[in-house]
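*Asks:* One structure coming up, written as C-alpha cells, with questions to follow.
The values are calculated or read from the model by the stated rules, or taken from the named source; none is laboratory data. Here the structure is a predicted model, which means the values were calculated and not measured. As a convention, Cβ positions derive from the backbone with ideal geometry for all residues, glycine included, and neighbour counts pool all protein chains shown.
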Ligand SMILES: *Cc1c(COP(=O)(O)O)cnc(C)c1O
C-alpha cells in the first residue's frame, strides 16, 4: 500500500460484533473472562486496549516498522526509551533539540537514573566519532532540529553507530512519517510526539515509539505496562481520525511552508530564514536525499535584532496565534527562547546558534495568501 492508503486502512478492521467501519472507542478498564485466564486477549486496559491496538498497528505501518507503542505524551515515550538503558550508560544527543527532551535528559535521567548525556552538533559527522566511548549505547537524533531546522544525516549517523554497536533513535516529530521514515534509513527506533502533525488538530497529547527489534519492543512494552503512561481510548480514536488526512495535511503544510519561506527570504526586514527547502539552507542536499518534502516548520530573524521587535511582530499577527506546540491545521508562531526552549540555559542556546530574537512558525493549512498577508501587515508595523 502507498502512504495515503495506509493512513486510512492500515490496522483498521470493521468491528466484528457490529460491522462498524470506524474503530470503536473501547472505553473500558477491564474485560470479562469466562474462566480465570480464559479471555479474548484483553485483561486490563493499561496493558491492552483494542482502540489503542488499532492505532499502534496503523503507526507501525506508517513508519514501516514492526512494533508501535503509544504513550500518554511524547515525553512519556521519550522517558520510556531512556528507561530501557542502565546506570552508567551514555547517550550522545544532538545539541539543537526539543527543550523538554533536554530537560528530561539532564534534570531527570542524568540525576535519577545515572545515565549520562552529551550534547553535540551533529551536522558535522566527524564530531560524533570523537564523542563515542565504550559506554555509549544510544545516539539521539532530532531532524529537522527544533527550532533551527538543521538537517542531520540519519544514514551517516547510522553508519558510524553500527561500527560501534550503538543504537540510533530519531525523534521524527517535525517531519512525520509522510516526509521521513528513519527506520528505512537504518535507525533502530523512531519517537513521535503524536500531539503534533500525526494527530494534527491540536486536540490530543500523545506519544509513540516505533521499532523493529523484538526484544527491545518487549522491554518497552514491559516498561509501558509497569510505569503506566498509556493514552486513553478516546485520544486513540481522535488520533486515528486525524491520521486519515495526514497525507493531505502534510502536502498542504509543505506547500504553504514553501510559499512563506519564499516570501520571507525576499522581505527587506527579514535577515535569516531557516527552512530546509531553501537552496541556501546549509543542509539542503541532505534534506532532499532523506526527506520527501520539506515541511511546514520554519524560523526566521529580523534584520533589526532588538527582542522588542520580534515580540511586537508576534503580537501583531492575526491569523498566526502565539502559542506553544506545532503541527496543527492552524498556523502558530512562537518565541523559542522564552517558550519551548526556555528550559535550555542561554549559553547552551547560543552555542547551538539559537538567538533570543528567533521567531518560529508552524505553518498551518489555511489559504497561503491570507497567511502571507498577515505576515506582511505585521512586518510593515515593526
Ligand atoms: C512536543 C515535542 C515533544 C514532546 O511531546 P509531548 O507530546 O508534548 O509530550 C518531543 N519532541 C519534539 C520534537 C516535540 O516537538
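*Asks:* For the condition touching a helix residue (DSSP H, G or I) at 6+ places or on another chain (Cβ under 8 Å), assigned by the TED database to the domain that holds residue 91 and within 16 Å of the ligand (Cβ to nearest atom), what is the one hit in 158, 190?
*Replies:* 190
*Asks:* Still on this structure, please answer the following. Test each condition in (1) modelled with pLDDT under 95; (2) under 15 Å from residue 187 (Cβ atoms) for residue 142 and report the one that comes out false.
*Replies:* (1)
*Asks:* State which residue pairs qualify: first residue farther than 17 Å from residue 128 by Cβ and outside the structural domain of residue 132 (by the TED database) and inside region 86-105, second residue in a loop (DSSP other than H, G, I, E, B) and within 10 Å of the ligand (Cβ to nearest atom) in any location, beta carbons under 6 Å apart, and separation of 6 or more residues or different chains.
*Replies:* No pair meets every condition.
*Asks:* Shifting gears a bit: Whether any residue in region 96-108 is within 16 Å of the ligand (Cβ to nearest atom), touching a strand residue (DSSP E or B) at 6+ places or on another chain (Cβ under 6 Å) and modelled with pLDDT under 95 is what I want to check.
*Replies:* Yes, region 96-108 contains a residue that is within 16 Å of the ligand (Cβ to nearest atom), touching a strand residue (DSSP E or B) at 6+ places or on another chain (Cβ under 6 Å) and modelled with pLDDT under 95.
*Asks:* For residue 119, state whether it is more than 15 Å from the chain's Cα centre (by Cα), within 30 Å of residue 239 (Cβ to Cβ) and not assigned by the TED database to the domain that holds residue 345.
*Replies:* no
*Asks:* OK, next. Return the only residue of 201, 192 being touching a strand residue (DSSP E or B) at 6+ places or on another chain (Cβ under 6 Å) and closer than 25 Å to residue 233 by Cα.
*Replies:* 192
*Asks:* Can you spot a residue in region 128-140 that is within 11 Å of the ligand (Cβ to nearest atom), in the same structural domain as residue 162 (by the TED database), more than 24 Å from residue 183 (Cβ to Cβ) and in a helix (DSSP H, G or I)?
*Replies:* There is no residue in region 128-140 that is within 11 Å of the ligand (Cβ to nearest atom), in the same structural domain as residue 162 (by the TED database), more than 24 Å from residue 183 (Cβ to Cβ) and in a helix (DSSP H, G or I).
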